[in-house]
Amino acid sequence: MKVREMAVPDAYHITPHQFRDERGSFYESFRRDRLAEEIGRPVPVAQVNYSVSRRSTLRGLHGTLLSPGQAKVVCVVRGTVLDIVVDLRVGSPTWGVYETNWLSAESGETLFVAEGLMHGFLALTDDTCVSYLCSTEFVPGTQVDVDPFDPDLALPWSLSETPLMSVKDSAAISVTEARDTGLLARYEDCLAYYEALRADAR
C-alpha cells in the first residue's frame, strides 16, 4: 500500500497494491497495522457503514462533534465518486483547505479522514456504493452538517445537473454559523485527541 498525506493535514490517500490475473484482482483495502505505521496513530474500527446512491447524489459536508469524534476510512466498492475533504478545524493553519479525489471501485483507492475534518462526495455513477469504517459508534445528535455550496468554501463539485440531496443536507448551515455556534472542532483539541490516541497505543 502507498500512503500520502493530502493537502488537508491529517487526511491520507491510500493506494493499494493490486494483484491481477485472468480472474480479476485482489488487494488489501484496509490493514490496521500498516496504516497505523504509515500515519503515526492507531485506526480503531467500531462501526462499518455503507451508502448506496444514484448518480448525481451529493452527500455532505459531514463531520462529528469532538468529542466523541469519528475518523473514517472511506472507499468505493461499486461505482465512482468525486470526494472532497475540507479542513474546518477552528484555528487550523490550513483552515478552508480542501482536496478532491476521484475514487472508484476499480482503483481501490481509499481515504483516511481524521476526527474534526469535514467530508462529502458526489456520486458519478448509478448504484454507487461507498463503505465507511468508523472509529466510533454513531451517537445521535453529534453529527455536524455544513452547506456544501457555501460560497466561502467554493468547493469544485463540477456539477452537470442539479444534485440529489437529503432534506438535512439541503438545509445545512453555513461555515460561519457552524463556527460561531461552536459546532466545529478546535484545531488544538483535535491535536490533543490525536496525541491521546497515540499515547493509548504505546
To the nearest 0.05, how large is the calculated FRET efficiency for Asp33 and Ala7 if R₀ is 30 Å and r is the Cβ-Cβ distance?
0.70
Could you list, bin by bin from short to long, the percent of Cα-Cα pairs of the stretch 1-64 in 10 Å steps?
15, 34, 40, 11, 0
Stokes-Einstein diffusion coefficient for the stretch 76-148 at 37 °C in a medium of 0.692 mPa s, Rh from the Kirkwood formula over Cα pairs: what value in µm²/s?
241
Just the accessible area for Met165, please: 1.4 Å probe, Å², rounded to the nearest 10?
60
Give the carbon-plus-sulfur fraction of the accessible surface of the chain in %, rounded to a whole number; probe 1.4 Å, heavy atoms of protein chains only.
51
Tell me, what is the percent relative contact order of the chain, built from C-alpha pairs under 8 Å that lie six or more residues apart?
28
Ratio Rg/Rh [Cα only; Rh per Kirkwood] for the chain:
0.95
The chain, helix-only ellipticity at 222 nm - DSSP H runs n ≥ 4, -39,500 (n - 2.57), divided by all residues, nearest 500:
-4500 deg cm²/dmol
Give the peptides 58-64, 168-174 in descending order of average Cβ contacts within 10 Å, highest first.
58-64, 168-174
Could you derive backbone 3J(HN,Hα) for the stretch 9-26 from the dihedral phi with the Karplus parameters 6.51, -1.76 and 1.60 (θ = phi - 60°), listing whole Hz in sequence and x where the residue is Gly or Pro?
x, 6, 10, 9, 9, 10, 10, x, 8, 9, 9, 10, 8, 5, 7, x, 8, 9
Can you give the Rg to Rh ratio for the stretch 56-109, taking only C-alpha atoms and Rh from Kirkwood?
1.01
Using the Cβ atoms and a cut-off under 10 Å, what net charge is assigned to the surroundings of Asp87, where Lys and Arg are +1 and Asp and Glu are -1?
-1
Using a basic spin-label model with each label point 7 Å from the Cα along Cα→Cβ, how many nm lie between Arg20 and Ser170?
4.1
The alpha-carbon pair-distance distribution computed for the stretch 10-112, with 5 angstrom bins and whole-percent values, is 2, 9, 19, 22, 22, 15, 7, 2, 1, 0, 0
To the nearest 0.05, the calculated FRET efficiency linking Thr162 and Arg202 through their beta-carbon distance, R0 being 45 Å, is 0.35
Any idea of the accessible area per residue across the chain, 1.4 Å probe, to the nearest Å²?
49
Would you mind computing, in nm to one decimal, how far apart the modelled labels at Arg186 and Trp102 are, each placed 7 Å from Cα along Cα→Cβ?
4.1
Debye calc, one equal point scatterer per Cα of the stretch 91-202, no solvent, log10 I(q)/I(0) at q = 0.18, 0.22 1/Å comes to -1.24, -1.64
Please report, in Å, the Rg and the Dmax of the stretch 145-202, where both are computed over Cα atoms only.
16.2, 49
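The values are calculated or read from the model by the stated rules, or taken from the named source; none is laboratory data. Keep in mind it's a predicted model, so treat the numbers as computed, not measured. Don't worry about glycine lacking a Cβ; one is built from the backbone with ideal geometry, like all the others, and counts go over all protein chains shown. Just the protein is used for accessible areas: all its heavy atoms, side chains included, with ligands, DNA and RNA removed. Shrake-Rupley method; radii C 1.70, N 1.55, O 1.52, S 1.80 Å.
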